[in-house]
Each structure stands twice: as C-alpha cells, then as structure tokens.
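One structure below.
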Amino acid sequence: MEDLVDSYFAGAYWGPRKESPADCARRTSAFLTLLASCDPFLAQWYKPARSRKDARTPPLMPPDMPTLAEMFRRGVNREKGGPVFEDLGFSFWFDNGGTSRDCAALRIHCGGYAEAFSNSCFLSLPSQGANAERIFTASVLAEVVRSMALAWDPDWCVSTSWDHRELLSDEGRTGTFAGWVTYLSRRRGKVPPLPAPVRIEPVEGKGTLIILTPERFTVANPEHVTLAHRVRELLTRAGLMEPVTP
C-alpha cells in the first residue's frame, strides 16, 4: 500500500474550566468509550510505559475511573520539589500501543482555570497503512470530532491534515480555523449558511459539526484549500472564529 500524502489529527480546545482529577477522569472515560465506537483501531489504550516493549500493559480499556483519576493527579503542574500550581490543571499522555507510523496517541490537558488558560484533548493518528486509510475518511473523523464535542464540551474542535496546518502557519492564519471537520460550540453563536459541498450537522444541542467535503481533504487539491479559506471567512464574519482564550 502506498504511503498517504497527508497525515491527520484531531484536537478539542476550551478555555479556563476548574475541574478535579475525578472530573477529568470522568470526561476521559466518556471520550474513550465514544472513541471506541468510531473505529476498532481507536478502541484500545494503554497506560504510559517506560519503553515501547512495555506499552501494552496495563490496558486502560474498559476505562477505569480510579486509574484515570490517579494518572491526572500525577500529572499536576508543579516546579520540581516545589508547590503544586492548581490553576494550571492536570495532564497526561498515552497511546494505543501501535508502531511508530501505525499508532494513535492522546495528550490531554484538563482542569486548568488560570486566566487566559487553554485546555485541550489532542489525538494524533497513524501516518500510513491500512488503519490510516480506513480512519482518514469524512465519516470516521466526523465521529471522532463529535465524540470530542460530547465528552469535553469544548469551544472548538478541528480535524485536518498536518499539511493543511502547516500551510495555514506559513500564511500567518494560525489560531481558530476551519479544517476538514470543524466543531463550534453553540456558545459561540449560530453557524451561517455555507457553500456546497459543506455539510452542517447539529451535535445534540451542544454545537455544530461542519464537514468541508465528503472526499479526503488534501492541500494537493486547490479547490479544497479555497473552500477552507472561504468557510473560515464566513465563520469569521459571523463572529465564530474568535480565539479560545484572549
């Protein structure tokens, strides 16, 4: 099988929200359960390990609340040997035990409530192979983003290619943007009509899912890039593209 031209990711982002390790564990458990239904490759996760050889023990699925809560407690922000910075929240990362190019990994930062602080759940996806080919579809990535929206109640989610993200960075268009799949919380306002072939779907009263194209989004297709820019412009005019934090 040929390597993919692009590789993809998904991320959810929200502003300051004070939550305990148990709260973060509850949201993580909900997310992992929803994620498992998106694709079999995303249905198994393992605690962080010192080496790749040990990466498959012990498993985190089905989600174990006490284990997840303890992992967040250990991921508290602090200076070495110094006090805990409670307002900076908790974080940890883990993966699904795959190989270097056929692996999914999650980095979660939750419970931070310092001024202008951003919390996040970031999912990196395999860069090549059968799993990547199967996951990199509008239907699967839309469900991944929907799962993020339901579990984390974020302000903004996006799933797109790394090449797209790099293109936006080169153009100075970083910040909140429209990817292949985008989610916007209803707290931001109402999504305006968008041009075809964009599809708009509600997410259980929480917000709106925006899918740019049913085919695989790639920066190699100039029509895709133009569409993404146009949708971002329309969403910006509607006041929906403000940064997650000032």
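Overview of results
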read-out	value
Reach of Lys47 by Cα under 17 Å, taken over aspartates and glutamates that are not fewer than 8 positions away in the same chain	Asp64, Glu70, Asp95
Charge-dipole axis of the range 8-237 as Lys and Arg at +1 and Asp and Glu at -1 on Cβ define it, positive-most pick from Thr226, Cys110, Ala196	Cys110
Cα-centre dipole for the range 8-237 with unit charges at Cβ (Lys and Arg positive, Asp and Glu negative), debye to 20	260 debye
Cysteines in the chain that, by Cβ-Cβ distance, have no pairing candidate under 4.7 Å	Cys38, Cys103, Cys121, Cys157
Residue among Gly189, Gly89, Gly179 with the largest mean-square fluctuation in a Gaussian network model of the chain, springs linking Cα atoms under 10 Å	Gly189
21 Å tail of the calculated P(r), the range 137-246, as % of Cα pairs	28 percent
Mean ellipticity per residue at 222 nm, deg cm²/dmol - from DSSP H runs of n ≥ 4 across the chain, formula -39500 (n - 2.57)	-9000 deg cm²/dmol
Most to least packed among 190-198, 151-159, 108-116 [average Cβ atoms within 10 Å]	151-159, 108-116, 190-198
Furthest towards positive pole of dipole, Val158, Asn96, Leu209, structure part the range 8-237, Cβ charges	Asn96
Computed over the range 8-237, Cα set: Rg, Dmax in Å	17.8, 56
Aspartates and glutamates whose Cα lies under 17 Å from that of Lys206, excluding same-chain neighbours fewer than 8 positions away	Glu143, Asp153, Asp155
Nearest-ten-degree value, helix 65-74 long axis tilted from longest Cα axis of the chain	90 degrees
Nearest 10 degrees, 0 to 90: helix 222-237 Cα axis against the chain principal axis	80 degrees
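No value in this document is a laboratory result; all are computed from the given coordinates. Here the structure is a predicted model, which is why all the values come from computation and not from measurement. In this analysis, Cβ positions are derived from the backbone assuming ideal geometry, glycine residues included, and neighbour counts consider all displayed protein chains.
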